[in-house]
Each structure stands twice: as C-alpha cells, then as structure tokens.
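Chemist: Please read through the structure below; I'll follow up with questions.
The values are calculated or read from the model by the stated rules, or taken from the named source; none is laboratory data. Only a predicted model underlies this, so the values are computations on that prediction, with no experimental measurement involved. With ideal geometry, Cβ positions are generated from the backbone for all residues, glycine too; neighbour counts draw on all protein chains shown.
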Amino acid sequence: MRRAAPISSPAKASRRVHAVARALRDRAGVRTSGFRRDTTLATREDIMRQPHPNTFARIPTSIPTIGMLLVLGLIAGAAPAQAQMDAEVRLGFYTDPDAVSFGGGLITPLTTAEPWMFNPNVEVAIGDFVNVISINPDFHYDFPTGSSMAYWMGAGPAVMFVDRDRGDTDTDFGVNLLAGLGAKHGATRPFVQFKGVISDNSRLALTGGLRF
C-alpha cells in the first residue's frame with residue numbers, strides 16, 4: 001500500500017508562495033525598468049531631433065522681412081506722389097524690449113502753410129527675445145522759427161505686432177507722443193526724434209534719420 005505524501009506545514013507553504021511571488025515580481029521589475037530606459041532614450045532622441053525655436057532662425061522670414069517690405073513700399077510711394085511729399089529712412093533704439101530699430105516713412109504737409117505734417121512710418125525693432133513691427137500714422141506740428149532748423153511735437157496711433165522667441169505673437173495698440181528737430185532745407189535733411197509709446201507695454205524710442 002502506497003504511503004500518502006507528507007503534507008507541508010502552513011508556514012512552509014506560505015514561505016514558498018511568497019518566494020514564488022517575489023521571484024515573479026523581480027522579473028517583471030527588470031523588464032519594466034528596461035522598457036522605461038528604452039522609452040526615456042527614445043523620448044530624448046525625439047526631442048533632440050526637434051528644431052529649437054530660436055529667434056534668429058525666424059528672423060529672415062518673419063518680423064524684419066515684413067517690416068522691410070512695408071518700409072520699401074512707403075518710400076516707393078513718395079516718387080509718384082505729389083511734389084511736397086518726401087521719403088525718410090531711420091535708425092534707432094527701443095526700450096522694453098532693448099532693441100535696435102530701423103524703418104522708413106513718408107512726410108507731407110496737411111495745409112499749404114505747412115505747420116501740420118502727416119508722417120506715416122513703419123519701424124522694426126529687433127531684440128534678443130522680442131521682435132516688434134510698429135505701424136505709426138503720426139501727425140506733428142512744426143513750430144514757426146526763423147532758423148534753418150524745424151522743431152516739432154506730435155502724436156498718433158500705433159499698431160504693434162509683437163513676436164516673442166517662445167513662438168507666441170500678439171497685437172498691441174497704443175498712442176505715440178513725439179518731439180523732434182531736423183533740417184528744413186536741402187536735398188537730404190537729417191533729423192532726430194524722441195518718442196514715447198503708451199500701451200500695455202509702454203516703451204521709449206530714440207531715432208535719427210534722413211529725409212529726402
């Protein structure tokens with residue numbers, strides 16, 4: 001007659017169950033850890049392959065290009081226009097953001113006495129982190145003087161297209177307050193102008209240029 005196999009004690013059976021469960025858990029952990037490492041490496045490689053949103057990489061096709069086209073359009077419009085309309089080019093510096101600016105525009109008298117002038121212009125400010133196109137239909141009053149220099153004060157609306165290096169853009173509206181001085185006579189007349197822009201992000205600008 002065959003003897004029955006001895007029955008293990010409950011304590012031994014419990015230890016065996018725990019040992020098997022621990023072994024399965026360890027094996028699963030190794031596989032999961034390896035999968036996570038592979039996934040992490042793949043994610044890093046995908047990130048490295050993505051283009052970095054660099055401000056200077058966008059410059060040739062964004063703010064400066066559009067601004068330059070607007071400036072050239074304004075200057076070209078002075079040629080076929082009335083004889084009293086002149087063109088101008090300008091360079092300057094903007095605060096908030098700290099940026100170098102370039103631009104151009106037109107200037108024409110609103111009356112025959114020429115105290116009131118209409119000066120539509122476009123300025124492009126290029127900074128380290130923010131680029132701005134500012135479209136400015138400015139008006140100013142030339143004070144009557146007996147000298148060869150003109151002195152003026154004026155104002156006008158401003159529409160600013162702001163491009164940040166994070167990739168987001170927005171439009172800001174403001175009011176320009178300006179004062180300047182320049183030569184009255186000559187085929188090429190230098191000028192200097194100080195401008196304050198009142199907007200959500202108010203800023204100051206100092207520009208100088210030539211009118212012709």
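Chemist: Take the conditions over 11 Å from ALA205 (Cβ atoms) and in contact with a helix residue (DSSP H, G or I) (Cβ under 6 Å, 6 or more places away or on another chain) and apply them to ILE107. Does it pass? Outline the logic, then answer.
Modeler: On the way: over 11 Å from ALA205 (Cβ atoms): yes; in contact with a helix residue (DSSP H, G or I) (Cβ under 6 Å, 6 or more places away or on another chain): no.
Spelling it out, it is not the case that ILE107 is over 11 Å from ALA205 (Cβ atoms) and in contact with a helix residue (DSSP H, G or I) (Cβ under 6 Å, 6 or more places away or on another chain).
Chemist: Also: Here are MET117, MET85: which of them is modelled with pLDDT under 90 and not β-branched (Val, Ile, Thr)?
Modeler: When all the criteria are applied, what remains is MET85.
Chemist: Kindly establish whether THR145 is in a loop (DSSP other than H, G, I, E, B) and either at pLDDT 95 or above or under 18 Å from GLY180 (Cβ atoms) (or both). Can you show your working first?
Modeler: Numbers: in a loop (DSSP other than H, G, I, E, B): yes; either at pLDDT 95 or above or under 18 Å from GLY180 (Cβ atoms) (or both): yes.
Taking the combined requirement at face value, the residue satisfies it.
Chemist: Among the residues of the range 157-212 satisfying the criterion of being in a loop (DSSP other than H, G, I, E, B) and among the hydrophobic types (A, V, I, L, M, F, W, C), which is surrounded by the fewest Cβ atoms within 10 Å (Cβ to Cβ)? Walk me through how you get there before you give the answer.
Modeler: Keep residues of the range 157-212 that are in a loop (DSSP other than H, G, I, E, B), which gives 165-168, 184-188, 199-202, 212.
Retained after the next criterion (residues that are among the hydrophobic types (A, V, I, L, M, F, W, C)): 187, 212.
Values: ALA187: 6, PHE212: 13.
Step by step, filter the range 157-212, then rank; the result is ALA187.
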